[in-house]
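The values are calculated or read from the model by the stated rules, or taken from the named source; none is laboratory data. This is a predicted model, so every value here is computed, not measured. We place every Cβ from the backbone using ideal geometry, glycine too, and count neighbours over all the protein chains shown. These area figures cover heavy atoms from the full protein model, side chains too; ligands, DNA and RNA do not enter into them. Shrake-Rupley method; radii C 1.70, N 1.55, O 1.52, S 1.80 Å.
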Amino acid sequence: MKQIPTKPLRQIDIDDHVLGSYDSGHDGPLLLAIGGIHGNEPSGVQAIEAVLEELHRHQPNLHGRFLGLAGNIAALQARRRYIDEDLNRCFRSERVDARSATESVEQGELAALVSLIDEYAGGHDDVCFIDCHTTSSPSVPYLSVNAHPPSLIMMEDFPLHTVIGLERSIPGCCGEFLNQLDYRGFTFEAGQHEAETSREHHQATIWLLLANEGGLTLPDPSFIDRQESLLRQTLGEPKRHFELTAHYRIAADENFRMRPGFKNFDKVAKGQPLADNNDGLIRSPSDGRILMPLYQSEGDDGFFLLSPSD
Ligand SMILES: [Zn+2]
């Protein structure tokens with residue numbers, strides 16, 4: 001199993017981002033899984049490594065090629081969300097086109113990832129991806145999907161809640177960049193950063209990607225059904241689609257403090273106290289469901305509010 005290298009950043013090689021790949025000699029899509037775009041979220045990297053190990057051990061039939069990439073190597077080494085800036089806000093055309101490693105650590109990470117994706121996507125007519133993340137609060141796993149029609153179709157084959165349209169509020173995410181290339185896929189938030197279950201959810205979703213989009217055939221045909229059941233059991237209610245209705249951005253020196261106890265998809269009422277800052281109480285602007293309440297020191301998205309769209 002490949003370990004994230006501990007050498008100094010200057011010595012990080014572009015190939016350190018490649019966790020591994022697998023194919024069985026059949027044409028098909030590039031099936032891409034990315035983990036650790038946020039360095040304090042190692043679960044995706046660990047899940048990709050575990051799936052690769054199983055694939056190489058059992059050599060199953062797969063149409064296309066599975067590729068696992070590690071995102072922000074320097075931040076993964078440091079166990080921090082990022083070093084200079086949030087890599088998952090850097091995937092904007094002017095930054096991608098710059099292809100320069102001089103401005104920030106993350107600009108170098110961005111250039112390496114974009115080059116690798118270009119290189120590996122080259123031989124494929126179709127690219128499907130999952131960008132693996134975790135959250136600071138406990139969470140039901142869910143997909144964050146942009147308003148990209150092929151991705152909206154693809155998401156229906158995954159038994160998970162979906163949140164649609166976050167790219168309008170947080171531009172520059174990796175998923176948005178990949179959708180602009182017309183690659184199909186989404187961000188997958190698997191649960192809380194340190195939870196063992198997050199890694200299991202990441203693995204299950206990667207297996208479903210390989211089965212749904214790569215026609216993976218395993219010796220035990222019930223294995224994929226079990227992955228689907230594992231994810232379905234996390235919902236606690238029927239699968240729902242949600243859209244963004246509000247986004248609380250934290251200002252500099254605001255001293256934002258989320259009130260304890262909120263989990264993703266918890267129902268909140270208009271006027272309910274959600275957080276505090278230097279000016280006092282921050283109340284919910286509407287009825288809805290809360291998403292990504294901030295329980296870590298890094299980041300400037302306080303919380304999001306959702307409403308069901310189905
Ligand atoms: Zn993340």
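Summed over the residues of the range 9-234 and divided among them, the accessible surface reaches 38 Å² per residue at a probe radius of 1.4 Å. Backbone N atoms of the range 274-310 closer than 13 Å to the 7 Å Cα→Cβ label point of ASN255 belong to residues 276-281.
Residues whose amide H lies under 5 Å from that of ASP84, counting only those 5 or more places away or on a different chain, are VAL105, GLU106; hydrogens are built 1.01 Å from N in the peptide plane.
Relative to the longest principal axis of the Cα atoms of the chain, the long axis of helix 43-58 lies at roughly 20 degrees. Taking amide H atoms as placed 1.01 Å from N in the peptide plane, the amide H of GLY302 lies under 5 Å from those of TYR248, ARG249, ILE250, each 5 or more residues away in sequence or on another chain.
The figure for HIS26 is an accessible area of roughly 70 square angstrom, using a 1.4 Å probe on the protein chains alone. A simple rule links phi to the HN-Hα coupling: the Karplus curve 6.51 cos²θ - 1.76 cosθ + 1.60 with θ = phi - 60°, which for the range 286-299 gives 7, 5, x, 10, 8, 9, 6, x, 7, 10, 9, 6, 9, x Hz, with x for Gly and Pro.
Can you give the charge dipole size of the range 244-308 about its Cα centre, rounded to the nearest 20 debye, using +1 on the beta carbon of Lys and Arg and -1 on the beta carbon of Asp and Glu?
Working: 8 positive and 9 negative charges, 79 e Å.
The dipole magnitude comes to about 380 debye.
The spacing between the range 151-201 and the range 233-283, judged by their C-alpha centroids, is 20 Å. Heavy-atom accessible area, probed at 1.4 angstrom with all protein chains present, ranks ASP279, ASP13, ASP125, ASP86 as ASP125, ASP279, ASP13, ASP86, highest first.
Heavy-atom accessible surface of the range 244-308, averaged per residue, reaches 51 Å², computed with a 1.4 Å probe. If you line up the long axis of helix 105-121 against the longest principal axis of the chain, both from Cα atoms, how many degrees apart are they, to the nearest 10? The two axes meet at around 40 degrees.
Taking a ≥ b ≥ c as the square roots of the eigenvalues of the Cα gyration tensor, the chain is oblate, since a/c reaches 1.5 or more and a/b is not larger than b/c.
Taking 45 Å as R0, compute the FRET efficiency from the Cβ-Cβ separation of SER286 and ASP16 and round it to 0.05. Working shown, then result.
Details: r = 45 Å, r/R0 = 1.00.
The calculated FRET efficiency here is 0.50.
Put simply, the amide H of VAL145, placed in the peptide plane, has neighbours under 5 Å in VAL163, ILE164, GLY165, LEU166, leaving out anything fewer than 5 places away on its chain. Working from label points 7 Å from Cα in the Cα-to-Cβ sense, the ALA50 to ASP157 distance is 2.3 nm.
Ligands, DNA and RNA left out, the 1.4 Å accessible surface of the chain is 47% carbon and sulfur atoms. Taking the Cα centre of the range 145-293 as the origin and placing charges on Cβ (Lys, Arg +1; Asp, Glu -1), which of HIS241, SER222, GLY185 is farthest toward the positive end of the dipole? About the Cα centre, the residue reaching furthest to the positive side is HIS241.
Largest first, the residues GLU85, GLU254 sort by 1.4 Å accessible area into GLU85, GLU254.
Note that the range 227-238 has calculated 3J(HN,Hα) couplings of 5, 5, 5, 4, 5, 4, 5, 6, 5, x, 6, x Hz, one per residue in order, obtained from phi through the Karplus relation 6.51 cos²θ - 1.76 cosθ + 1.60 (θ = phi - 60°); glycine and proline are x. Dividing the Cα radius of gyration of the range 38-118 by its Kirkwood radius returns 1.05 for Rg/Rh. Note that the range 159-169 has calculated 3J(HN,Hα) couplings of x, 9, 4, 10, 10, 10, x, 5, 4, 5, 9 Hz, one per residue in order, obtained from phi through the Karplus relation 6.51 cos²θ - 1.76 cosθ + 1.60 (θ = phi - 60°); glycine and proline are x.
Against the main long axis of the alpha-carbon atoms of the chain, helix 196-214 sits at an angle near 50°.
Given a cut-off of under 8 Å on Cα pairs at least six residues apart, what relative contact order in percent is computed for the chain? Before the final figure, lay out the partial values.
Values: 687 pairs, mean separation 53.8, N = 310.
It rounds to 17 percent for the chain.
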